[in-house]
C-alpha cells in the first residue's frame with residue numbers, strides 16, 4: 001500500500017514536469033524575436049564609373065622676346081609666381097633708343113611736309129599725283145616710327161598670364177634672338193585631369209551628369225570637376241583621352257603630375273528597388289528575402305530576382321518586391337517561416353541610456 005502511494009506521487013510529479021516543459025517550449029516558440037525592418041522604395045538608379053588619371057597644368061607656355069639683343073636683367077627663377085604684366089626679363093635698350101630717335105626725327109620732318117602739301121592740295125594748287133606721293137611717304141614714316149616704338153616696348157618680356165615659372169632657359173647677359181625661348185610659365189588657375197577611357201564607355205562619359213576627383217596625396221576627396229573635352233580619336237593605346245577641368249585654389253595643394261581618381265555618376269532614367277546584401281539569403285539555388293507582415297507581425301519567405309550588384313554593395317531587385325514592401329534587413333539566417341517578430345524601434349536622441 002505504501003509502495004503504491006509512492007509510485008502514484010512519482011507519476012504525478014513526472015506529468016507536472018512534462019506539462020511545464022511543454023508549456024515553456026510553446027511559450028518560447030510564440031515569443032516575438034526582435035528584428036530590424038526596412039521599407040523598400042523605388043529609387044533613381046545611378047551607375048558609377050571610376051578611372052585613374054593624372055593632374056596636368058591648364059597650359060604651359062614658352063615665352064620669348066619679339067626682338068633680339070643682350071639681356072640686362074632676368075628677374076625670375078624656377079618656381080617663382082608672377083602676376084600678369086610683371087617684367088620677367090629685359091634686353092639692353094641702347095640700340096632701340098637710337099633707332100626710335102631716328103625714326104621719330106624722320107617722321108616729324110615728313111609730317112610737316114605732308115601737312116603743307118595737304119593744305120595746297122585742298123586749295124587745288126598741286127596735282128593729285130604729287131599729293132599722293134607725299135601722303136605715301138608720310139604713311140611709311142609713321143609706320144617706321146610706330147615700329148621703332150613697338151620694338152623698344154618689346155625689349156621688356158612681360159608675363160601674359162599669372163602663373164609659376166616652370167623653366168628658366170637663359171641666364172642674364174646672354175644674347176638672345178627674336179623667338180628664342182627664355183622661360184616657360186604654367187597657368188595654375190585651373191588644372192586639367194586627364195583620364196583614358198575604353199570605347200565601350202566613352203559614350204557614357206558624355207551623358208553623365210556628375211564628375212568628381214580625389215587626389216589622395218593632396219588629401220582631397222570627391223571634389224567636383226567639369227567635363228572639358230572628349231577626344232574624337234583613340235590614341236596608340238586604343239583609348240579615348242578625356243579631359244576634366246578643376247578650378248584651383250591655393251589651399252588645395254594639388255600639383256601637376258599627381259595621380260588622381262575620377263568618379264563619374266551616370267543616372268539612369270528608370271527607377272529600381274535597391275536592397276542591402278545583408279537582407280538576402282540563398283536557398284536551393286534561388287534568392288530570397290523575408291517579407292514582414294505588420295498586421296500579424298510574422299515573416300514570410302519571398303523569392304526575388306537580382307539584376308546587378310552596385311559599387312556601394314547594394315543589390316538591384318527587378319522581380320519579387322513592390323514599392324512599400326517591408327523586409328527584414330539583417331539576421332535573415334536565424335528566422336523561420338511564420339515566425340513572430342517585433343521590429344526594433346529607434347531610440348530617441350534624448351533617451352539617454354534607453355531608460356524611457
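Provide a single number: the residues in region 272-329 that are part of a loop (DSSP other than H, G, I, E, B) and over 35 Å from the mean Cα position of the chain (by Cα). Final tally of qualifying residues: 11.
Among the residues in region 138-156, are any in contact with a strand residue (DSSP E or B) (Cβ under 9 Å, 6 or more places away or on another chain), closer than 30 Å to residue 62 by Cβ and outside any strand (DSSP E or B)? Among the residues of region 138-156, at least one is in contact with a strand residue (DSSP E or B) (Cβ under 9 Å, 6 or more places away or on another chain), closer than 30 Å to residue 62 by Cβ and outside any strand (DSSP E or B), which makes the answer yes. Looking across region 215-253, the residues that are over 20 Å from residue 58 (Cβ atoms) and surrounded by 15 or more Cβ atoms within 10 Å (Cβ to Cβ) come down to 234, 239, 240.
Among the residues examined, residue 2 qualifies as exposed (fewer than 12 other Cβ atoms within 10 Å of the Cβ), over 30 Å from residue 289 (Cα atoms) and either under 34 Å from the mean Cα position of the chain (by Cα) or at pLDDT below 85 (or both). The numbered conditions (1) surrounded by fewer than 17 Cβ atoms within 10 Å (Cβ to Cβ); (2) under 13 Å from the mean Cα position of the chain (by Cα) are all true for residue 149 except (2).
State whether the residues of region 261-269 include one that is surrounded by fewer than 14 Cβ atoms within 10 Å (Cβ to Cβ), part of a strand (DSSP E or B) and modelled with pLDDT of 90 or more. Taking every residue of region 261-269 in turn, none turns out to be surrounded by fewer than 14 Cβ atoms within 10 Å (Cβ to Cβ), part of a strand (DSSP E or B) and modelled with pLDDT of 90 or more. Within region 174-196, not a single residue is touching a helix residue (DSSP H, G or I) at 6+ places or on another chain (Cβ under 7 Å) and under 19 Å from residue 54 (Cβ atoms). Here residue 66 clears all of (1) assigned to a strand (DSSP E or B); (2) farther than 16 Å from residue 166 by Cα except the condition numbered (1). Considering the conditions (1) within 29 Å of residue 252 (Cβ to Cβ); (2) in contact (Cβ under 8 Å) with a residue 40 or more places away in the chain; (3) not in a strand (DSSP E or B), residue 206 is excluded by exactly one of them, (2).
Results for (1) in contact with a helix residue (DSSP H, G or I) (Cβ under 6 Å, 6 or more places away or on another chain); (2) part of a strand (DSSP E or B), shown as yes or no for each residue.
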| site | (1), (2) |
| --- | --- |
| 62 | no, yes |
| 84 | no, no |
| 95 | no, no |
| 100 | yes, no |
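For region 94-104, the criterion of a residue being in contact with a strand residue (DSSP E or B) (Cβ under 9 Å, 6 or more places away or on another chain), touching a residue at least 40 places away in the same chain (Cβ under 8 Å) and closer than 16 Å to residue 183 by Cα is satisfied by no position. Taking region 76-96 as the range and being surrounded by 13 or more Cβ atoms within 10 Å (Cβ to Cβ) and within 19 Å of residue 173 (Cβ to Cβ) as the test, the residues that pass are 76, 87, 88, 89, 90, 91, 92, 93, 95, 96.
The values are calculated or read from the model by the stated rules, or taken from the named source; none is laboratory data. Predicted model only: the values in this text are computed from it and were never measured. We place every Cβ from the backbone using ideal geometry, glycine too, and count neighbours over all the protein chains shown.
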